[in-house]
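Here's the structure we're looking at; comments come further down.
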Amino acid sequence: MIVCSKKSCVQQHAKGQCRRPNLTLLITWSLFLIVTFSSCSLGPGQSAPPPPEFVCPTMTANPLKLNMVYDSSEQFWIKDVINDFNSQHITACDGPITVQATPMDSGLSMQEILDGKLQPDVWSPGGDAWISLLNQQWHSKNGSNLVNTTPTDSPTSLITSPIVIAMWQSQAAAMGWSETGTGISWNEIASLIADPKGWGAYKHPQWGKFKFASPSSEYSNAGLDALISMNYAGTCSPPTTPDGNPICKNTGLTLDDVSSSATSKLVTSIESSAISYNASTSALVDEMLSHGLTYLNAIAVEESLVVQANSDKTKYPSLPDKFVAVYPSQTNVVATYPLAALQGDWLTPSRNAAVLKLRDFLEGPTEQAKAVQYGFRPTSGGVAAPIDNDHGVDPTQSNPGLPIPDIGVLQAIQSNWVKQRRPFDVMLLVDTSGSMNFPIGNVPKIDGAKAGLKTFVQLMADSDQLGLTTFSDHVGNLSSIATILRDKRQDVLSSIDGMLADGGVKLYDTMGSQFQQLQQLPSTSIRVMIVLSNQTDNQSNMNLNQLMSLITPPSSQDSGAVIKIFTIAYGSSADVDALTQIANQTGGQEFSATPQNLQDVYQQIGEIL
């Protein structure tokens, strides 16, 4: 049947609510659908005619599995509601639909879709910005958009969550925050970071310097949205009256706005206090809550994670202070979690019909109510506990958030951030002992190591410093860490190609000497060591206990100056226990790898530095 509105006649979906037509689907099904479109107007007392029936191109009883990739921060809700959906045995054109849902950071899933590594039927990134970025890059490669964003067919927002500055309550209160709605601006945070007195400026010198962490804007939705919020804050001008608020732009962010000296200075100042750029917002929450008041003072995350942290008394039984959400004054951005049916050539009309069934199910009142339980704000209906002050958030913060900038401005924001973020000093240590010539799965370990190292080198920015040292029974310094990568990237790649494997394993001595070299570098950069080892040490004068003593951060050391060590146990002969102890002692992480997955491991490390 046909449903008439003030603008046009649109198709009614099975949910019983008037929806915009999926134009792509209608075109694809034009030979199978019987739909009549006409302009019409309902007069008083008239009712809309019933919606048209779908005519599927084929009807089968075969089960249909949908592949869904979604933003990691949705994980608790998505796991719950997808279990519900799969238990309902819902059908469209085929037999019962089931959904295989995979959590992944939005930027990483976008890149894997572009690279052809992922071909999901449905994608739910953290926000519309990722859809704009995906479409722009897909169009450049293929001449068309992968997601339809026409006014009548744009992706549906499933749930929302404001991006907040999560802080310890006592520290937020010291800066003037209150539960009744008084926020803190990015400009106030930048001023505190720049103040040589640190927290002493607020009469709390015991807290040291202000320390901030934000997920990477290249991978994380919270990282990108927080960066957009900072760029809006760069447009703020001083208040016109003593009691007034700064005047900030709230729409139409331009290239001039994001490239201005004021914006650059603000973002660079905030980023200078970053201690890491972990792609995972939940990992940042764990890092902050497990180290106490002076390790991290603020992180940019989704509001839902603050609710979840305050709800999980098993994981966080005795926090030193309440964990609260601070809403950036006048520059709030909201994660919208759109559900996008992709238009790749791997999709079929039957799969698109199944996606519509999934969308209608997730937007239903039962599943939307579950979103509130996990700290998200539903797209329909109000909020209740645990979205309340008891769980560290403000239920009255209900504005839709600032608009996401146009694609050109969005790309400029990301490009500028690579120059504005805190730089890295990274020392790569690579085992080149004779056993690296042995193969795993017909691939010599030394060849796999070269491919993995090249992947990592390409991840680094021109402004980062990168050193490369090999070790066997002797040490080879292939590239000094004292020069920025822009001036020597090709030389480093050539050095990797020339690596040869021979001799014993001098792991601990090499790590100790290179660690001491890193200590001599200014702590204005994030300092990191990444060690690939395939054998137990058999040549060093230093033992494991002596190395552990050397690398253990002093209790008085600022968390932003700690040198983190990431270790890679390469093959089954590596000393996994020793490598794990070394990584854990510095706040790093141990990975296991083979030539077949080493590139992915280096990619993972690049995401969590």
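The values are calculated or read from the model by the stated rules, or taken from the named source; none is laboratory data. Worth saying up front: this structure is predicted, and the values here are computed from it rather than measured. Note: ideal-geometry Cβ built from the backbone for every residue, glycine included; neighbour counts use all protein chains shown. When the accessible area is computed, the model is the full protein with side chains, heavy atoms only, and any ligands, DNA or RNA have been set aside. Shrake-Rupley method; radii C 1.70, N 1.55, O 1.52, S 1.80 Å.
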Answer yes or no as to whether residue 129 is buried (at least 17 other Cβ atoms within 10 Å of the Cβ), in contact with a helix residue (DSSP H, G or I) (Cβ under 7 Å, 6 or more places away or on another chain) and more than 23 Å from residue 345 (Cβ to Cβ).
-> yes
Got a number for residues in the stretch 155-178 being part of a loop (DSSP other than H, G, I, E, B) and under 23 Å from the mean Cα position of the chain (by Cα)?
-> 2
Any hit, the stretch 451-464, residues being under 21 Å from residue 536 (Cα atoms), of a type outside the set (Gly, Ala, Ser) and open to solvent by 10 Å² or more (accessible area, probe 1.4 Å) | no
Across the stretch 250-288, what is the number of residues that are in a helix (DSSP H, G or I), of a type outside the set (Val, Ile, Thr), at pLDDT 95 or above and surrounded by fewer than 23 Cβ atoms within 10 Å (Cβ to Cβ)?
-> 10
Close pairs from the stretch 204-224: first without any contact (Cβ under 8 Å) to a residue 40 or more places away in the chain, partner open to solvent by 10 Å² or more (accessible area, probe 1.4 Å) and not in a loop (DSSP other than H, G, I, E, B), Cβ under 8 Å, at least 6 apart | 204/174
Name the pairs whose Cβ atoms lie under 8 Å apart, with the first residue in the stretch 443-465 and hydrophobic (A, V, I, L, M, F, W, C), the second assigned to a helix (DSSP H, G or I) and open to solvent by 50 Å² or more (accessible area, probe 1.4 Å), and 6 or more positions between them or separate chains?
-> 446/437; 451/599; 461/419
Please enumerate the residues belonging to the stretch 413-427 that are hydrophobic (A, V, I, L, M, F, W, C), buried (at least 18 other Cβ atoms within 10 Å of the Cβ) and out of contact with any Ser or Thr (no Cβ under 7 Å at 6 or more places or on another chain).
-> 413, 426
For residue 371, which of the numbered conditions (1) free of Cβ contacts under 8 Å to residues at least 40 places away in the same chain; (2) surrounded by 20 or more Cβ atoms within 10 Å (Cβ to Cβ) fails to hold?
-> (1)
So how many residues does the stretch 206-225 have that are crowded, with 21+ Cβ neighbours inside 10 Å and outside any loop (DSSP other than H, G, I, E, B)?
-> 7
Given (1) β-branched (Val, Ile, Thr); (2) farther than 27 Å from residue 184 by Cβ; (3) surrounded by 17 or more Cβ atoms within 10 Å (Cβ to Cβ), residue 163 misses just (2)
Residues in the stretch 237-246: is at least one assigned to a helix (DSSP H, G or I), over 21 Å from the mean Cα position of the chain (by Cα) and of a type in the set (Val, Ile, Thr)?
-> no
State whether one or more residues within the stretch 469-482 are touching a helix residue (DSSP H, G or I) at 6+ places or on another chain (Cβ under 6 Å), open to solvent by less than 20 Å² (accessible area, probe 1.4 Å), of a type in the set (A, V, I, L, M, F, W, C) and outside any helix (DSSP H, G or I).
-> yes
When you look at residue 203, is it buried (at least 16 other Cβ atoms within 10 Å of the Cβ) and either closer than 25 Å to residue 297 by Cα or within 28 Å of the chain's Cα centre (by Cα) (or both), yes or no?
-> no
Provide a single number: the residues in the stretch 105-126 that are at pLDDT 95 or above, buried (at least 20 other Cβ atoms within 10 Å of the Cβ) and hydrophobic (A, V, I, L, M, F, W, C).
-> 4
Members of the stretch 300-314 found to be open to solvent by 30 Å² or more (accessible area, probe 1.4 Å) and over 21 Å from residue 333 (Cα atoms), listed by number = 311, 312, 313, 314
Kindly indicate the residue of the stretch 390-412 that is open to solvent by 60 Å² or more (accessible area, probe 1.4 Å) and modelled with pLDDT of 95 or more and also farthest from residue 161 (Cα to Cα) among those meeting that condition.
-> 411
Mind checking which residues of the stretch 330-347 are part of a loop (DSSP other than H, G, I, E, B) and in contact with a Pro (Cβ under 8 Å, 6 or more places away or on another chain)?
-> 330, 332, 333, 337
Can you tell me which residues in the stretch 90-141 are of a type in the set (Gly, Ala, Ser) and either in a loop (DSSP other than H, G, I, E, B) or farther than 15 Å from residue 68 by Cβ (or both)?
-> 92, 95, 107, 116, 126, 127, 129, 132, 140
